[in-house]
Amino acid sequence: MLKTILPQQTIPSAYYDCRYFVLREPLGFPRGAEILIDDNQAIHSYFVKENKVRAVGRAHIIPFDSDGSALDHAGPDATKCPGFSPLSSMPNYRPAIQIRQMGTLSEDRRKGLAAQVLSDLEEASKEHFSAKFGFLQAREHAVSFYQSQGWEIIDEPYSIEGIGLHRSMMKQL
């Protein structure tokens, strides 16, 4: 079952558990690094099956005075992720959202759960934030998934310290 959490709504701990186990624990990050300081301002989507959160993702509005650069996590020694170059020079890309913290448990990958979460985030962002464009920073191994969902690469590969190679991507919503 797909579930959506709008800004200021309660985020269940099982959602954060999935985010941690998929995105942070494999990289050796401490518990707490899965929580972002603006999570209460974001839209969250997650897929639950057999009372277990299987896939997660979030979207937040990129402020008009920001290029989307942000800290990678709320823990100590967080790396700053780069901004999105189109947002620096093209105001017609606003309102814009950023997709972050997408992840699926390994045993549930390639079953369409992430596609459902991503689609839900895109639709909820259009409705709640009036978003016109979406931006994201995909880990290198996830680029083909996002391309299959209509996202386009907008830069050269770059490394985020402690995580690895990424590509910035965008999509008109």
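Structure above, values below:
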{"item": "Long-range amide H partners of Val53 with built H, under 5 Å", "result": "none"}
{"item": "Residue-averaged [θ]222 nm for the chain, counting only DSSP H segments that reach four residues, each worth -39500 (n - 2.57)", "result": "-5500 deg cm²/dmol"}
{"item": "Alpha carbon centroid spacing (whole Å) that separates the stretch 82-125 from the stretch 128-173", "result": "7 Å"}
{"item": "Non-local Lys pairs in the chain, i.e. 8 or more apart or on different chains, that have alpha carbons under 14 Å apart", "result": "5"}
{"item": "The chain - charge dipole about Cα centre, Lys and Arg +1 at Cβ, Asp and Glu -1, debye rounded to 20", "result": "420 debye"}
{"item": "Evaluated at q = 0.12, 0.16, 0.20 Å⁻¹: base-10 log I(q)/I(0), Debye formula over Cα of the chain", "result": "-0.49, -0.93, -1.58"}
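Bear in mind these aren't lab numbers, they're just calculated from the coordinates by the rules spelled out. All of these numbers come straight from a predicted model, not from anything done at the bench. Here Cβ is always computed from backbone atoms with ideal geometry, including for glycine, and neighbour counts include all displayed protein chains.
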